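The values are calculated or read from the model by the stated rules, or taken from the named source; none is laboratory data. Quick caveat, the model's predicted, so the values are computed rather than measured. When we count neighbours, we look across all protein chains shown, and the Cβ atoms used for this are built from the backbone with ideal geometry, even at glycine. Heads up: the accessible areas ignore ligands, DNA and RNA and are worked out on the full protein's heavy atoms, side chains in. Shrake-Rupley method; radii C 1.70, N 1.55, O 1.52, S 1.80 Å.
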Amino acid sequence: MPEQNEWYTNKDLFELIGNMQQEFHGLRSEMRETRTLMKQYNGLREEIGVVKDRVDAIEAKEEGRNSVGLAIRNWSGWIFGFITLIVLLIKFWGGV
């Protein structure tokens with residue numbers, strides 16, 4: 001005969017343990033899903049890093065092109081003037 005001081009009966013304990021097992025099973029599946037999502041997130045971070053590197057390379061290339069074009073525009077007047085001066089000097093000294 002069970003004592004009157006027991007808090008839970010064996011049946012109550014069995015049901016509590018069964019419920020805890022079900023909760024642990026649910027937690028395991030949630031943790032598995034969380035790990036899957038973390039792997040996907042890390043994969044996306046890696047892809048973003050690759051895309052960022054490619055964009056940086058494209059921007060650097062474009063900046064280089066722009067700087068060369070700007071240099072040509074800035075110096076072309078001086079170069080044209082210098083060539084014209086040389087041609088005029090050759091004509092002047094050649095005609096004398």
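With a 1.4 Å probe and all protein chains left in place, how much of the accessible area of the chain comes from carbon and sulfur atoms, in whole percent?
On the chain, the fraction of accessible area on carbon and sulfur atoms equals 64 percent.
Nearest 10 degrees is fine. How inclined is helix 10-95 to the longest principal axis of the chain, computing both from alpha carbons?
0
Tell me, what is the per residue accessible area of the chain in Å², probe radius 1.4 Å?
Heavy-atom SASA per residue in the chain reads 102 Å².
With +1 on the Cβ of every Lys and Arg and -1 on the Cβ of every Asp and Glu, and nothing else charged, how large is the dipole of region 1-53 about its Cα centre, in debye rounded to the nearest 20?
380
Assigning unit charges at the beta carbon (Lys, Arg +1; Asp, Glu -1) and nothing else, what dipole magnitude in debye, to the nearest 20, does the chain show about its Cα centre?
Rounded to the nearest 20 debye, it is 1220 debye.
Which entry is the computed percent of Cα pairs over 22 Å apart for this structure: (i) 73; (ii) 31; (iii) 28?
Read-out taken from this structure: (i).
Which FRET efficiency value, to the nearest 0.05, do you get for residue 17 and residue 41 by plugging their Cβ-Cβ distance into 1/(1 + (r/R0)^6) with R0 = 30 Å? Intermediate results must be reported in sequence, preceding the final value.
On the way: r = 36 Å, r/R0 = 1.19.
Calculated transfer efficiency: 0.25.
May I ask you to compute the full-extension gain from residue 51 to residue 65, defined as 0.36 nm times their residue separation minus their alpha-carbon distance, rounded to one decimal in nm?
Length gained between residue 51 and residue 65: 2.9 nm.
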